[in-house]
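Asker: Mind looking over this structure? Questions follow.
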Amino acid sequence: TIENILPSKLLSAALSEIRSSITTTTITPNKDSPYLKQSCTLVRDGGACGDERWIDFTHEDALRYHDDFKQQNTNMNTSEKPLIEKDLMEQVILHISKYDLVHVLPHYVSKHVKGVSWRILISTTGHNHQVFHYDSDEATDYAMKDVPLITPVLSTVTYLSDSGEPTLILDTSQLTNDTIYHPTNAYVSMPKKNKHLAFDSRLFHGSSGRLFVGKEGDVRIAIGTNFHTQRSLETIYSKRHRLMKQYVHRPLEVRSEEATPPIDMRECVAEREDEPVIKPWNTDDNVGDPLRENWTSFQIKTNHQGRSFFASDRYKKSNITMQLPIDWILEQARHDMGCTLSITLERSDFNVSHHRDENYRPKPKIRNKEAKLVAREMLLKRCQIYPDGLLSMNPPLNVNVCPQLLGSNR
């Protein structure tokens, strides 16, 4: 994790831009108390905050971006502008992403990154049941028979508010058809304004409204990013047209006349008091193990009634429950706001029951040659990047995929 990822002036400008884009409505569920729900549309491109957007950004760009800041800090009269910033939000994403490309990803991986997809995550504290999922380029899901989901090389969450649900990450990835892997660790990242979390995109993750900090009903604001070795197809195909007749090319483009311009980063760098602090997870060696009899059991929500857990078999319907020491986690968060905790799980803490639903017919997603081509190119790049014999790489479902791809490419 990285704390103080954004300079205070840039953080304030980003929050002002996002908050002005939020509208609030009152929701009254059956047999439940009413609560406020937020929706969000960015003026810069007219898209929903949660829509995927894309920025070309490489490791070389990140290094040059650092150099720009150094030059602007030492020479306040320089007329050079930071790298390729079209508007304020793009400036925010580049400032965040440079740390991941330079400090988080190993160079043998980061040198192959072509850009970053990003979205703004808005939810209501206490009512955010973000479905657990594996990150992927959704436009290429199930485009290849042997590899159902193609993950990015890195995923991140940057919290812009102190309230809301934490990010829960389990050390389990895509499963084979007949295997249930029980995670041995759960990582709980509590929100804290200006905290940045980076993690392996292959891991099963999400959030639960049973566990949150702050006042129920507060707005939880975060930015999610994914790093790819080529532009993700879902940032080219508009979500609002994806399930209609045919894929429609309609990427979200910045409308310069309406977008908020970037701010002067020379002033930000010169006045910055809190420098970014890179912190490993669970650094407090004195944290005691919570008593297991006080753990709370809850159900994990997943896509398609649990079918997304078995990514390789969409006909398997799963019901997943797990238990965590929720009261203990909240107590730790009160003493250390924004803490990230590693919790050891026993086999009985994560339970999956499933059955194969032969009557289930998933809605067919229209696949064209481009989706299959992009999926194949992404997988081929993975095979070229990672060392031979590293079976933990994506895709984990079929160890023969790389030899087949590399063999056909020679």
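Asker: Can you give me the solvent accessible area of L330 with a 1.4 Å probe, rounded to the nearest 10 Å²?
Answerer: Per-residue accessible area (L330): approximately 40 Å².
Asker: Leaving out ligands and nucleic acids, and using a 1.4 Å probe, what accessible area per residue does region 91-238 come to in Å²?
Answerer: Details: 4010 Å² over 148 residues.
Counting only protein heavy atoms, the per-residue value for region 91-238 is 27 Å².
Asker: Where does each of 19-26, 210-217 land if you order them by average Cβ count within 10 Å, highest first? Please list the in-between numbers first.
Answerer: Working: 19-26: 12.1, 210-217: 17.1.
Peptide ranking by packing, descending: 210-217, 19-26.
Asker: Something else about it: Over 26 Å between Cα atoms: which of K114/K372; K317/K381; K98/K195; K98/K301; K37/K195 fall into that group? If you can, show how the numbers build up before the last one.
Answerer: Values: K114/K372 19 Å; K317/K381 32 Å; K98/K195 15 Å; K98/K301 33 Å; K37/K195 24 Å.
As for pairs spanning more than 26 Å Cα to Cα, those are K317/K381; K98/K301.
Asker: With a 1.4 Å probe and every protein chain left in place, tell me how much accessible area D137 has, in Å² to the nearest 10.
Answerer: Counting only protein heavy atoms, the figure is 0 Å².
Asker: Go ahead and run the numbers for FRET between T184 and K86, Cβ-Cβ distance against an R0 of 25 Å, rounding to 0.05.
Answerer: Numbers: r = 44 Å, r/R0 = 1.75.
According to the calculation, E is roughly 0.05.
Asker: Going by average Cβ density within 10 Å per residue, which order do the peptides 57-65, 194-202 take, highest to lowest? Let's see the in-between values first.
Answerer: Details: 57-65: 17.6, 194-202: 22.1.
Answer by packing, highest mean first, reads 194-202, 57-65.
The values are calculated or read from the model by the stated rules, or taken from the named source; none is laboratory data. From a predicted model like this one, the values you see are computed outputs, not experimental measurements. Methodologically, a virtual Cβ is constructed for each residue, glycine included, from the backbone with ideal geometry; neighbour enumeration extends over all protein chains shown. Note: accessible area is taken over every heavy atom of the protein model, side chains too, but ligands, DNA and RNA are not part of it. Shrake-Rupley method; radii C 1.70, N 1.55, O 1.52, S 1.80 Å.
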